[in-house]
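Novice: Structure below; questions to follow.
Bear in mind that the values in this text are calculations on the coordinates, not laboratory data. Fair warning: this is a prediction, and the values are worked out from it, not measured in the lab. Don't worry about glycine lacking a Cβ; one is built from the backbone with ideal geometry, like all the others, and counts go over all protein chains shown.
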Amino acid sequence: MSLVQFLFSFEGRARRLHVWIFFLVLSFVYGGLFWQFGNIHVSHGETNYGPGSFMWSAVVTNPIVDIFGLVAIWMKLAVLVKRWHDRDKSGWWMLVGLIPLIGGLWILIECGFLDGTRGPNKFGPSPKGIGSAAGAF
């Protein structure tokens, strides 16, 4: 599987290692883009907390960061759907994340910590190469 297929396709399977690396790299890219292009607004003056107080808020208003954010949403969905496929479940299991309080934790445990199906399943060959000639990207 090529890197482009890994990042943008919803077909196939993904290893836990590749998913963790993807989210680690994405976090660094987000941080770098925000550091480079994000706008930090600091307002000093009187607030409800008394004179001399200040309020700090970070607001991203740069189109470069916004466009990357939209592309990143697609990439995150594609990678996590492939991870659900490795668990031999439909990508529609992503919707479990909409459950308040436990949805995100459920996705973290299922996709981040539990092992995938050994050998091929209905979504394709093993990304670890177990039981077939498949390999990593």
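Novice: Roughly how many Å is it from the Cα centre of segment 75-106 to that of segment 1-17, as a whole number?
Specialist: Here the answer is 15 Å between Cα centres.
Novice: Taking the Cα-to-Cβ direction at Val4 and at Ile99 and moving 7 Å from each Cα, how far apart do the two end points lie in nm?
Specialist: So the two model labels end up 3.8 nm from each other.
Novice: When Lys and Arg each count +1 and Asp and Glu each count -1, what net charge do the other residues less than 12 Å away from Glu110, Cβ to Cβ, add up to?
Specialist: Taking every other residue near Glu110 into account, the sum is +1.
Novice: Moving on to the next point. Quick one: net charge of Pro127's neighbours, Cβ under 14 Å, K/R +1, D/E -1?
Specialist: Working: positive: Arg13, Arg15, Arg16, Lys82, Arg83, Arg87, Arg118, Lys128; negative: Glu11, Asp86, Asp88, Asp115.
After counting each charged neighbour, the total is +4.
Novice: So if each residue of separation counts as 0.36 nm, and I subtract the Cα-Cα distance between Glu11 and Leu77, what length gain in nm does that give?
Specialist: That works out to 22.6 nm of additional length.
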